[in-house]
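Asker: Okay, handing you the structure first.
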Amino acid sequence: MTIPITVFTGFLGAGKTSIILSLLPKLPKDYNVVLLKNEFGDVEVDSKLAEAAAANTTTASTSTSTSTSPTTTSAPVKAKEKTSALTAVSEILNGCLCCVLVGQMQSALLEIADTYSPDRIIVECSGSAFPATLAFQIRQLARDSGGRFGLDAVVTVVDAENFCGYEDGSPTARMQAGYSDVILINKWEHVSERQLDIVMDHLHTLNDLTPKIKCAGRDGVDPALIFGLDSQLFQLEEEAAEHPPPSRSHSHSHSHERTHGAHNHMDDEVQTLSILGGPDTPLHSKAYIEEKVLSALSKEVVYRLKGFVVFPSAAEGGEPGLEILNWAFGRWDWTVYKPKKDVGVGGEGERLRLTIMGERGPGLRRAARGVAEGLGAEVVGL
């Protein structure tokens, strides 16, 4: 039986994880989904958000850096324990699947298939990934495995509130919108009708052939709209290669060579830095962090700030006060996370571990130092 693979792509902070998690309750309980995630930095935030969202499910979760091979070795969920379609989460860190980590995705997919025999695999790309390269790898794996896998769809999530801001200076955002089977318009309820019209005009210019669907807020989208599409992107590319159209400024299909070459430019677009707080880092209240740190960040410079923060209750003998911070373009939320061991985030006594991502340059470095100073922590990677 062929395992369908749905690839989710979209710029940093577009809301890919939230939309994926909103799909799970709408699927049959006996439908097994494995989520393979790729993130920049060494903080496995989004997989922990997936765990928290499926709190009633015994979810396997692993993470992998560039120095090791991806693995999903945790035991599968027992049928009587399973209350969600999410069967397991695997995460690949410290690089991008479409360039630095080429080959690791195929190894991870094979191991997922052997371990869990899922009904579907969802691949959530980092915000910097170019979907054409990933689609190429999946199609190659499908051929090499004798049809064991199949690319069902490439789904691009667009942040309507911020798309026009980063699209102008980001080849990545334009490429993601241009190479997709379906485009999901997220956060459109936060903009005016005029602003939404501008976003739609931009998207139609980049890709006039692909359906565009508005998400229903936190409720996401109906799985029937994005599952079972049997991606036609490569068929379109093959036809375009055989019958090249006249030269024009925008094209729906993009060659693998152009896509991969553009990714070298992506390295100049986004920078990732780590902010760490050890045993001497003060334990601040959530109100202090929101007022003094998060509200001061500029969404023109900082795209994402995410990670783990320990709150004072942990030092007072109560329940571990560990929460996941997820900040994107001026909006943020917190998710309570109960660690299986002590309250140390990444090591013994560690009180916070954050990843900050944004426009490469002195502005992001200043923002990172400001966050670190406000929290009594230090920036790593300057």
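The values are calculated or read from the model by the stated rules, or taken from the named source; none is laboratory data. Since this is a predicted model, take the numbers as computed values, not measurements. Note: ideal-geometry Cβ built from the backbone for every residue, glycine included; neighbour counts use all protein chains shown. Note: areas computed on protein heavy atoms with side chains; ligands, DNA, RNA excluded. Shrake-Rupley method; radii C 1.70, N 1.55, O 1.52, S 1.80 Å.
Asker: In the stretch 135-151, what residues are in a strand (DSSP E or B) and open to solvent by less than 10 Å² (accessible area, probe 1.4 Å)?
Answerer: The answer is Phe149, and nothing else.
Asker: Is there any pair linking a residue in the stretch 141-152 that is under 10 Å from Ile3 (Cα atoms) to one that is open to solvent by 70 Å² or more (accessible area, probe 1.4 Å) and at pLDDT 90 or above, with Cβ under 6 Å and at least six apart or on different chains, and which?
Answerer: As it stands, the answer is Gly147/Thr2; Gly150/Thr2, since those pairs meet every condition given.
Asker: Tally time: how many residues in the stretch 160-205 are open to solvent by less than 20 Å² (accessible area, probe 1.4 Å), in contact with a helix residue (DSSP H, G or I) (Cβ under 9 Å, 6 or more places away or on another chain) and of a type outside the set (A, V, I, L, M, F, W, C)?
Answerer: Looking only at that region, the number is 9.
Conditions tested, residue by residue: (1) at pLDDT 90 or above; (2) farther than 15 Å from Ala153 by Cα; (3) part of a loop (DSSP other than H, G, I, E, B).
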position	(1), (2), (3)
Leu184	yes, no, no
Gln195	yes, yes, no
Ile198	yes, yes, no
Asp230	no, no, yes
Glu237	no, no, no
Gly261	no, yes, no
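Asker: Here's a follow-up. Can you tell me which residue in the stretch 78-134 is modelled with the highest pLDDT, limited to those that are open to solvent by less than 10 Å² (accessible area, probe 1.4 Å), in contact with a Ser or Thr (Cβ under 7 Å, 6 or more places away or on another chain) and assigned to a helix (DSSP H, G or I)?
Answerer: Only one residue tops the list, namely Ile112.
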